[in-house]
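A short write-up of the structure that comes next.
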Amino acid sequence: MKLGVNIDHIAVLREAREINDPNPLDALGICKLAGADQITIHLREDRRHIHDEDAKNIINLSALPVNLECSINDEIIKIACELKPHRVTLVPENRAEVTTEGGLDVKGNFEQIKKVVRLLHKNEIEVSLFIDPCEEMIKLSKELKCEWIELHTGSFANIYAMLFSGLDRTHHSIKQLELSRDELTKKLKKSIREIKKYSKLAREIGLKVAAGHGLNYQNVELITTIKEIEELNIGQSIIARSVFAGLEKAIIDIKELIK
């Protein structure tokens, strides 16, 4: 199971003071040295962290493959085609969100996504769709001739945090109802079953499967039991640990858990 390290939060730290430090570019060599398999960045429409120049430099200089997350916005797709990352992962965006709140609505945006996928393929860029674990979204992803899907694990991560950490803050803007420990345990088991079920379905119809969102040092081992998942994309928890342990050690630690 491969690891894509999302370095967006290095840029988040930089933007907190609107200065030039820390530079996400400085992470590339450390990520490779520590055993990362891929660099992941998200070029948002609002440029709240990664900027165009960051994306250009990272894609041009990274010794590891770069997975560029972006919306289906025409301007952003044009930039992606010019930069030619190894992969583009299409994700939903909402300006008011703190972080991505769910999977891409493939059905509601089918024709636009179809156009974008064709354009990316024309530029020899492989495509992944960031989707909720759902049979319909998986089958539509195959119909669109994408090479990958990335399953949104945010719901799983929220349930895990509420069950084992007593947290009531979630990755979603929708407030969770108070649930008993037994109810949370059942929801966690159901969430894992669904991720496994739809990972297996995706593999059976010829899609490669990645997973990400909210994965961390506490919950990742449950996801690693799903053999159909080939890749995990993890960012915030790695960068958070790196503040205390250093980036290389933070990546090595998560790699050991994945193994």
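The values are calculated or read from the model by the stated rules, or taken from the named source; none is laboratory data. Keep in mind that this is a model prediction, so the values were computed, not measured. Please note: Cβ atoms are built from the backbone with ideal geometry, for glycine as well, and neighbour counts cover all protein chains shown.
Computed values, structure above
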| item | result |
| --- | --- |
| Residue among ILE138, ILE149, ILE159 that is touching a helix residue (DSSP H, G or I) at 6+ places or on another chain (Cβ under 9 Å), at pLDDT below 95 and either in a helix (DSSP H, G or I) or more than 14 Å from GLY214 (Cα to Cα) (or both) | ILE159 |
| Residue match in region 180-196 (condition: part of a loop (DSSP other than H, G, I, E, B), surrounded by 14 or more Cβ atoms within 10 Å (Cβ to Cβ) and within 19 Å of the chain's Cα centre (by Cα)) | no |
| Answer residue from region 215-248, given it is without any contact (Cβ under 8 Å) to a residue 24 or more places away in the chain and outside any loop (DSSP other than H, G, I, E, B) and is nearest to ALA161 (Cα to Cα) among those | SER237 |
| Odd one out for LYS114, checked against (1) farther than 19 Å from ASN67 by Cβ; (2) surrounded by 14 or more Cβ atoms within 10 Å (Cβ to Cβ); (3) at pLDDT below 95 | (3) |
